[in-house]
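Before any comments, here is the structure.
Computed from the coordinates by the stated procedures, all read-outs in this text should not be read as laboratory data. Note that the structure is predicted; figures quoted are calculated from it, not measured. Positions of Cβ are backbone-derived with ideal geometry, glycine not excepted, and every protein chain shown enters the neighbour counts.
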Amino acid sequence: MKFKINENIKNPVIKKNSLSVDIAFSTYCNLKCYMCYRQYKNMKQEIMKDDFYNKFLEYIPYIKELNLKNLGEPLTTPNIIEKLKTIKKINPEIKIRLTTNGIGFLKSPDFMKEVLLSIDTLILSLNGIGKTYNAIMKPGNWKSIKVVLNKFKKISQKLPENFDSQISFVVMRKNHKDIAGLVKTAKKYNFKKIFYRRMWIHDRKLLEESIIHDKELYNAVIKLIKKAEKKAEKNSILSDFSQITDMSCNNKKPEREIICTAPWDSLAIKANGNVHICCLRRTLIGNLKKNSIPEILNSEEVQLYRSGMFTKNFYKECAFCHKISPSTKYFYEKL
Ligand code: SF4
């Protein structure tokens with residue numbers, strides 16, 4: 001990817017269907033998963049107020065990918081189906097990706113179907129099978145999530161061919177033995193892909209769960225990954241282990257000229273209107289109450305993120321980001 005520094009790069013005109021936006025309409029959650037940062041941070045629970053929401057709707061034509069994820073469980077958003085339908089009506093080309101623990105789908109018989117018909121990608125957080133699920137995704141239980149999985153299997157037959165369905169699995173000591181078994185679960189319930197993720201370490205007790213701080217455990221995980229890869233290939237399930245296997249711990253500077261385009265085309269918006277450049281959400285770059293999205297994207301602060309990409313003097317969180325130093329062991333440590 002080659003970019004030339006010109007005015008349009010410094011102050012881009014925001015085009016229709018060009019932005020990737022993470023949005024948290026709600027920061028409530030119905031589960032207390034063992035490894036979730038919510039257990040370790042004093043997080044305010046809130047629902048996006050109507051004035052922010054209405055302001056946000058003005059920018060829907062400019063968004064190409066809307067990610068409902070992070071900070072809360074999106075299915076706790078009041079009137080979610082109505083909101084999804086409104087967004088699709090304003091911009092029929094938008095792609096909506098929903099990351100959820102799935103428990104909210106048990107709300108009413110047709111709720112899941114209506115949600116799935118209004119989105120393009122479902123990413124189900126499933127961090128264990130059977131008893132492991134019960135131990136991690138509390139107070140959820142395997143019996144309930146199996147109802148959701150069976151419902152999905154049934155509805156998936158009626159979804160468009162290009163509907164994308166993924167399972168997201170955070171690998172830790174407690175669940176590493178389920179790595180290969182998850183392929184069977186994905187196949188059984190008609191999911192297309194499994195994304196195996198690294199765990200963020202927010203607390204000393206999570207260090208014990210980390211698969212990268214224990215060499216023996218890490219080697220055992222790698223063996224299981226090899227087994228899972230073969231199984232996935234045989235069952236036509238896509239599997240992504242890159243977050244686990246990219247562990248060479250070098251600190252090489254990226255060779256590509258622009259390693260991340262987030263300062264040009266990405267935003268993460270919280271329920272209180274606070275805006276960050278990307279899902280790391282470290283630096284506040286504006287608030288929808290006071291600033292418009294074009295104002296935020298052309299602010300001095302965002303220019304610093306952009307120039308960092310050219311000069312390689314990466315600005316703030318970029319300097320520690322896995323996109324810049326993909327293999328550092330410490331990137332996931334937030335102690
Ligand atoms: S922190 Fe990472 S993802 Fe965010 S803008 Fe910087 S390089 Fe990109």
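Couple of notes before you dig in:
- Phe191, Phe314, Phe52, Phe163 arranged by Cβ crowding within 10 Å, fewest neighbours leading: Phe163, Phe52, Phe314, Phe191
- Using the Cβ-Cβ distance between Arg282 and Asn79 with R0 set to 35 Å, the FRET efficiency from 1/(1 + (r/R0)^6) comes to roughly 0.70.
- Here the chain carries DSSP beta bridges of which approximately 20% are antiparallel, counting only pairs with both residues inside.
- Fraction of beta bridges assigned by DSSP in segment 18-169 that are antiparallel (%, nearest 5): 15 percent
- Estimated FRET transfer efficiency (Phe111, Glu208; beta-carbon r; R0 25 Å; 0.05): 0.10
- Residues Trp264, Trp142, sorted so that the one with the fewest Cβ neighbours within 10 Å comes first: Trp142, Trp264
- Per-residue extension of 0.36 nm, minus the Cα-Cα distance of Lys234 and Asn219, leaves a gain of 3.1 nm for this segment.
- Backbone geometry of segment 189-195 corresponds, through the Karplus equation with coefficients 6.51, -1.76 and 1.60 at θ = phi - 60°, to 3J(HN,Hα) couplings of 9, 6, 8, 8, 9, 10, 10 Hz, x marking Gly and Pro.
- Springs between Cα atoms under 10 Å define the GNM used for the chain, and in it the highest mean-square fluctuation of Thr311, Thr245, Thr121 occurs at Thr311.
- Sequence-separation-based contact order of the chain, relative, with Cα cut under 8 Å and 6+ spacing, percent: 19 percent
- FRET efficiency, 1/(1 + (r/R0)^6) with R0 41 Å, evaluated for Asn313 and Val147 via beta carbons: 0.20
- Over the chain, DSSP H runs of length four or greater, each weighted -39,500 (n - 2.57), average out per residue to a 222 nm ellipticity of -9000 deg cm²/dmol.
- Those GluC sites (Glu not before Pro) in segment 161-238 that DSSP places in a loop and that have at most 12 other beta carbons within 10 Å: Glu161
- Working value for segment 178-241: equivalent-ellipsoid semi-axes of 25, 13, 8 Å, each the square root of 5 times a Cα gyration tensor eigenvalue, largest first.
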